[in-house]
Each structure stands twice: as structure tokens, then as C-alpha cells.
Amino acid sequence: MNNQSDEYELIVELNSVSENYYNYKKQLGVYLNKEDGDIFEGIPDPVNLFSNIENGYGIFAGYLSDRIILNISDK
């Protein structure tokens, strides 16, 4: 007889971001990718990061996360 419990935990997480957050993260990926220049590749072209702040740099954005934990049993 198997004494092991056949219970599992399933975690479902949904994330929603504003368009400003998405644009910032997309540009940040490009920026970080180009950061790794070396002497053989030369210096990469500068990348301007997305900003929605007037007279400054940064973003004002929204991020929403919702998590549901489901307990599943084979019995």
C-alpha cells in the first residue's frame, strides 16, 4: 500500500500591465541586449529608454497580479 499523499497544489497566476509598463520593459530588453559590446563588435548605438515623465526619466505605470491556488487530490 502506498502511504504517499496524492495531493497537488496548482498555482495559476495572471498578470496585467499597462501599455506604459510594457513599452518600458520592451525598451529595457533592447537596452540590456546592446550593453554587451566588446572591442571586436565595437560600441553599440545608444538606446533611449522609454519614459512617460515630463522633464525627466522613468515611468508611471500600472501592474496587476492575481493568484489562485487550487488543491488537487487524486482521491
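The values are calculated or read from the model by the stated rules, or taken from the named source; none is laboratory data. Since this is a predicted model, take the numbers as computed values, not measurements. All Cβ positions, glycine included, derive from the backbone under ideal geometry; neighbour counts span all protein chains shown.
From the list Leu32, Leu28, Leu10, Leu49, exactly one residue is hydrophobic (A, V, I, L, M, F, W, C), in contact with a strand residue (DSSP E or B) (Cβ under 7 Å, 6 or more places away or on another chain) and either at pLDDT 80 or above or surrounded by 10 or more Cβ atoms within 10 Å (Cβ to Cβ) (or both). Which is it? Spell out how you get there, then give the answer.
On the way: Leu32 fails: in contact with a strand residue (DSSP E or B) (Cβ under 7 Å, 6 or more places away or on another chain); Leu28 fails: in contact with a strand residue (DSSP E or B) (Cβ under 7 Å, 6 or more places away or on another chain); Leu49 fails: in contact with a strand residue (DSSP E or B) (Cβ under 7 Å, 6 or more places away or on another chain).
Matching residue, one of Leu32, Leu28, Leu10, Leu49: Leu10.
Can you give me the number of residues within segment 48-70 that are under 20 Å from Tyr22 (Cβ atoms) and aliphatic (A, V, I, L, M)?
Residues in segment 48-70 being under 20 Å from Tyr22 (Cβ atoms) and aliphatic (A, V, I, L, M): 5 in total.
How about segment 61-75: which of its residues are among the small types (Gly, Ala, Ser) and either assigned to a strand (DSSP E or B) or farther than 30 Å from Ser51 by Cβ (or both)?
Here is the first cut: in segment 61-75, the residues among the small types (Gly, Ala, Ser) are 61-62, 65, 73.
Result: Ser65, Ser73.
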